[in-house]
Amino acid sequence: MTRPALSGIFVPNIVPYDAQGKINEAELRRIIRWLGEKGVTGFYPNGSMGEFIRLSYEERKRVVRIVSEEAGGRPILAGAAEPNVDLVLDMCHHCADLGCRAVSITGPYYYKLSQESIEAYFRELAAKSPIDIVVYNIPAFASEISLPVLTRLALDCPRIVGTKDSSRDMPRFLHILHDIKTQRPEFSVLIGWEELLCDAMFMGGDGGTLSSAGVVPEVIMKIHAAARNGDWTTAKHAQFKLLDLFSLMINAPNFPEGFRLGYQLRGFDTGSARFPLSKEEQTRMEDIRSRIACVLAECGFQEAAHACVRSSTHKTDPLREQVEEIVRRVMREI
């Protein structure tokens, strides 16, 4: 029996750490419950936002278990990118046992592999996995999965039920819709870059896994709901207002620290990412934190207002100040 396409907004949550750098389980549970209350579709543990590569294998399994226990019945698309086939399949079994809807698997990382090897890799996983697979294309961090390879996998392997694309390549996204979804309508096509959410939904995408949804789930869900209802004026308006906040978070030093700041300003104790910042970067982060806080406050998230500091003693670019004031004025209408 064919299952319906994965659709909606799956949140790739961060992993909070305590003062000793260990997973802060209580705070992670609080984050997941909060996101559920905000109406997100589902969850995406062990993605790039969750720093899966900096967690031990047992920690990654623990994160999926915690999220599954707090998901409240919402579907889970769990990251299962591991360094070899055996570990990927072990994680697939773990996620299946926990009741996850599917797993997301990147192209192999670190080693540069041919497209033939990448195709063979996914075919073996598709033949042996006990759970549905979403092929995750993120060429910034892992081997790119070419469109011809993805098309063959999608049309030949029933266990591969969708793709998440974080390439920022909108023409590629359109070709996936045209080349695959027209032949296999239940194949899920998710965008992994919030700057393109409205565009992706307009062209027939099924939703997305978007980092900003962990910081401003209200905004992301507003875009998604408006798009699903054909209210493109509202969708486009909210999409443009999201750009400034996303730009600040994604361009902060040491991804995902900018998003971690966003979570903090929404009231969560996240700790620091598992990688150090230089002194210069720490100084920059203080300014970025204030700017993120100002944007959030102007959006109506008043819990961030206390951290919005505009000091007259700091040298500023008048043009930049004018632009930022225009953005803030527009964002008040969100």
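Observations on the structure shown:
- Check on Val64, at pLDDT 95 or above, in contact with a strand residue (DSSP E or B) (Cβ under 6 Å, 6 or more places away or on another chain) and assigned to a helix (DSSP H, G or I): yes
- Region 111-146 - residue that is touching a Lys or Arg at 6+ places or on another chain (Cβ under 6 Å) and of a type in the set (A, V, I, L, M, F, W, C) and, of those, surrounded by the fewest Cβ atoms within 10 Å (Cβ to Cβ): Ala126
- Within region 81-105, the set of residues being aliphatic (A, V, I, L, M) and either touching a residue at least 40 places away in the same chain (Cβ under 8 Å) or outside any loop (DSSP other than H, G, I, E, B) (or both) comprises Ala81, Val85, Leu87, Val88, Leu89, Met91, Ala96, Ala102, Val103, Ile105.
- Any hit, region 20-41, residues being closer than 17 Å to Glu218 by Cα, part of a loop (DSSP other than H, G, I, E, B) and touching a Phe, Trp or Tyr at 6+ places or on another chain (Cβ under 7 Å): yes
- Residue within region 194-205 that is crowded, with 20+ Cβ neighbours inside 10 Å, modelled with pLDDT under 95 and closer than 25 Å to Ile292 by Cα present: yes
- Residues of region 1-30 satisfying the condition of being farther than 30 Å from Gly204 by Cα, at pLDDT 95 or above and touching a Ser or Thr at 6+ places or on another chain (Cβ under 9 Å): Val15, Pro16, Tyr17, Asn24, Glu27
- Test set (1) assigned to a helix (DSSP H, G or I); (2) of a type in the set (Ser, Thr, Tyr); (3) touching a Gly at 6+ places or on another chain (Cβ under 7 Å) - Thr151 fails condition number: (3)
- Of the residues making up region 240-270, those that are of a type in the set (S, T, N, Q) and either buried (at least 24 other Cβ atoms within 10 Å of the Cβ) or free of Cβ contacts under 8 Å to residues at least 40 places away in the same chain (or both) are Ser247, Asn251, Asn254, Gln264.
- In region 157-204, residue nearest to the chain's Cα centre (by Cα) [restricted to those that are without any contact (Cβ under 8 Å) to a residue 24 or more places away in the chain and part of a helix (DSSP H, G or I)]: Pro171
The values are calculated or read from the model by the stated rules, or taken from the named source; none is laboratory data. Bear in mind that the values here come from a model prediction, so they are computed numbers and not experimental data. Quick reminder, even Gly has a Cβ in these numbers, built from the backbone with ideal geometry, and neighbours come from all protein chains shown.
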